[in-house]
1. In this structure, does L84 turn out to be part of a helix (DSSP H, G or I) and modelled with pLDDT of 95 or more?
2. So E36 clears everything in (1) in a strand (DSSP E or B); (2) open to solvent by 50 Å² or more (accessible area, probe 1.4 Å); (3) farther than 18 Å from R85 by Cβ except one condition, right? Which one?
3. Scan region 100-142 residue by residue and report those that are charged (D, E, K, R), in a helix (DSSP H, G or I) and near the ligand (Cβ under 9 Å from one of its atoms).
4. Within region 38-55, is even one residue at pLDDT 95 or above, hydrophobic (A, V, I, L, M, F, W, C) and within 15 Å of the ligand (Cβ to nearest atom)?
5. Only one residue in V98, V43 is more than 15 Å from the chain's Cα centre (by Cα) and either within 22 Å of L126 (Cβ to Cβ) or among the β-branched types (V, I, T) (or both). Which one?
6. Hey, can you tell me all the residues within region 1-16 that are in a helix (DSSP H, G or I) and open to solvent by less than 60 Å² (accessible area, probe 1.4 Å)?
7. Would you mind telling me which numbered condition in (1) open to solvent by less than 90 Å² (accessible area, probe 1.4 Å); (2) of a type outside the set (D, E, K, R); (3) in contact (Cβ under 8 Å) with a residue 12 or more places away in the chain; (4) out of contact with any strand residue (DSSP E or B) (no Cβ under 6 Å at 6 or more places or on another chain) T19 fails?
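The values are calculated or read from the model by the stated rules, or taken from the named source; none is laboratory data. Note that the coordinates shown come from a computational prediction; the quantities given were computed from them, not determined experimentally. In this analysis, Cβ positions are derived from the backbone assuming ideal geometry, glycine residues included, and neighbour counts consider all displayed protein chains. Heavy atoms of the whole protein, side chains included, go into the accessibility calculation; ligands, DNA and RNA do not. Shrake-Rupley method; radii C 1.70, N 1.55, O 1.52, S 1.80 Å.
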Amino acid sequence: MKILAIHGPNLNMLGSRQTEFYGDKTLEEIDSLLQEKARELKVELETFQSNHEGELVDFIQKKAPQASGIIINPGALTHYGLSLRDALIDTPLPVIEVHLSNIHAREEFRQKSVIAPIAQGQISGLGWRGYIAALEILAAEA
Ligand code: DQA
């Protein structure tokens, strides 16, 4: 069983980027905590980050056929990334949307997600542990 963890634009800057919202762990640290949890749960995990929506779409199209679920923090694409949303719809996979910060407690433009209506659920505001919870849920369901 394979889970994909996908990180959108600017998440490669975690650790130094607006740490009051996103915490001080780097993306590398978050991915390695996820890999550790995946080993414990005995699932395979593939992680991917891109600053480009088309690359995220390419990755989903290529990898979804061999996967059982998707964890995605779409970054700012959360709020307007319609081709990313369509790529997710085109997979039959359960999708869990994760945000480090609580998008509902921030600027108005962040409070709308174009991904949420097509996701199984959304975890927002729980920091890096939100990714771990998403992995546990997908692993338990598959
Ligand atoms: C984010 C929230 C988005 O609004 C923002 O553009 C990000 C990170 C989060 O994890 O809280 O890049 O997805």
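1. Against the criterion (part of a helix (DSSP H, G or I) and modelled with pLDDT of 95 or more), L84 qualifies.
2. (1)
3. The one that is charged (D, E, K, R), in a helix (DSSP H, G or I) and near the ligand (Cβ under 9 Å from one of its atoms): R110.
4. Scanning region 38-55 turns up no residue that is at pLDDT 95 or above, hydrophobic (A, V, I, L, M, F, W, C) and within 15 Å of the ligand (Cβ to nearest atom).
5. On the way: V98 fails: more than 15 Å from the chain's Cα centre (by Cα).
None of the other options fit; the residue is V43.
6. L11
7. (3)
Yes or no, residue by residue, for (1) farther than 22 Å from L126 by Cβ; (2) away from the ligand (no atom under 14 Å from the Cβ); (3) within 15 Å of the chain's Cα centre (by Cα):
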residue: S16; (1), (2), (3): no, no, no
residue: Y22; (1), (2), (3): no, no, yes
residue: K25; (1), (2), (3): no, no, no
residue: K62; (1), (2), (3): yes, yes, no
residue: P65; (1), (2), (3): yes, yes, no
residue: I71; (1), (2), (3): no, no, yes
